[in-house]
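The values are calculated or read from the model by the stated rules, or taken from the named source; none is laboratory data. Bear in mind the structure is a predicted one, so any value in this text is a computation, not a measurement. Cβ sites come from the backbone with ideal geometry, for glycine too, and all protein chains shown count toward neighbours.
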Amino acid sequence: GRPHVEAMAMGLPVIATNWSGPTEYLNEANGYPVAVHDLVPIPDGPFAGHLWADPSVRDLRTHMRRVAHHPREAREKGLQGRRDMVEKYTPQALSAQVLLLLEELTAQPPLPPSLSAAAHGEEAPSSSSSARPRRKQ
């Protein structure tokens, strides 16, 4: 994903598989997402069990020809990609998003002790006013 993001930040048109990370930032307005023909399981290595996208060669060919034959459109998509990167993914933009999330989290009321304790695998503290005597068996 990093080469895609760097190219977009430079205003270059990007052709990339429409799978995994690129789906977060690449779209029809700012680039050329390549359709996925199939998902192939990775049999071994550190990513064993994950899926690898098998891109549509036909779609890739179509996008490459489109960029070659329509340079003005490719340039516009590249510039839109740059605008999107600057608007959404600069350190300043990401910092603002993190601050907003932190403000939302701190604005929420704290969990009641019973839920807070349960979330940490502990027994909820009992208060004398709500504690019920246990029945003898």
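General remarks:
- Here is the figure for the range 97-137: residues that are at pLDDT below 70, of a type in the set (A, V, I, L, M) and surrounded by 10 or more Cβ atoms within 10 Å (Cβ to Cβ) total 3.
- For the range 78-107, the candidate set comprises residues that are more than 15 Å from the chain's Cα centre (by Cα) and touching a residue at least 60 places away in the same chain (Cβ under 8 Å); within that set, the residue that is nearest to residue 24 (Cα to Cα) is 81.
- Whichever residue in the range 30-40 is assigned to a strand (DSSP E or B) and out of contact with any Ser or Thr (no Cβ under 8 Å at 6 or more places or on another chain) and, among such residues, is nearest to residue 11 (Cα to Cα): 32
- Residue check, residue 20 more than 28 Å from residue 93 (Cβ to Cβ), among the polar types (S, T, N, Q) and free of Cβ contacts under 8 Å to residues at least 60 places away in the same chain: no
- Within the range 8-25, the set of residues being part of a loop (DSSP other than H, G, I, E, B), in contact with a Gly (Cβ under 9 Å, 6 or more places away or on another chain) and not polar (S, T, N, Q) comprises 10, 11, 12, 13, 14, 25.
- Against the numbered list (1) of a type in the set (Gly, Ala, Ser); (2) at pLDDT below 95; (3) surrounded by 11 or more Cβ atoms within 10 Å (Cβ to Cβ), residue 31 comes up short only at (2).
- Hey, residue 94 among the aliphatic types (A, V, I, L, M), surrounded by 10 or more Cβ atoms within 10 Å (Cβ to Cβ) and modelled with pLDDT of 70 or more or not: yes
- Among residues of the range 41-76, those that are part of a helix (DSSP H, G or I) and over 23 Å from residue 29 (Cα atoms), counted: 0
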